[in-house]
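Nothing in this text is a laboratory measurement; each read-out follows from the coordinates by a stated rule. Given the structure is predicted, the values throughout are model-derived calculations rather than measurements. No Cβ is skipped: glycine too gets one built from the backbone with ideal geometry, and neighbour counts run over all protein chains shown.
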Amino acid sequence: MWAGLFKKDPAVKRSVVAQAEKRAVAKALPCDMTFVDTRAGGSEDLLGDLCIVQGMGQNQFRPNSNVSRGAVAKMVAGAMMYAYVGNAILPAVDDASAVYADVPVGLRPYVAQLQKWGLLQHIARNGKTFGTNDVMKTEEITSFLNKAIASLPETIATSDRVTLPLGTESIARGTFADMVVQAFQLQDRVRSSALAMNR
């Protein structure tokens, strides 16, 4: 019956295939995070579904707030980890001396990973403190993100370079989430991973 239906109406076949792909992608996402203050299915939700961000308060992402140094570190480290191994969940780092003293426990694995990759000096405020809640300037974010992209092996496809709007002092969290998803091609990676799981 189904085979005959596909032959008669290719649109039905495309719809069934699209639904199967959507279910496969949903299965490939380790967390189920939907933010109440973002557009459904946007970059913020993808970063939440990959366990890279958990949001603030009650399922809020606060996309119009300025992005902080801690949020930049977490989103970039999580996206890079997913690009490397297909999983953005990092092991806990209990030792505060492994990173800066002012880095909260939940952020330590991401900062420690940036340190392992040799990227920490490009984002940390100074030698003594990280500045987790500091709002980063546009130029700092652009420089750090491009260094992170350049540090990945050539075998990991990413966008070539990221450019940010000139004349802006800071970047909103939602805009930065879009940039990270685009720069590290996370949507394509998730789709590929999901399809590979269903073979």
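Listed values, structure above:
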item	result
Cβ-based net charge around Leu46, under 13 Å, with every Lys or Arg adding one and every Asp or Glu removing one	-3
Cβ-defined net charge surrounding Gln60, 15 Å radius [Lys, Arg +1; Asp, Glu -1]	0
Ranked list, fewest to most other Cβ atoms within 10 Å of each Cβ, for Thr34, Thr155	Thr155, Thr34
Interchain or long-range residues, amide H under 5 Å from Phe61's placed H	Val36, Asp37, Met56
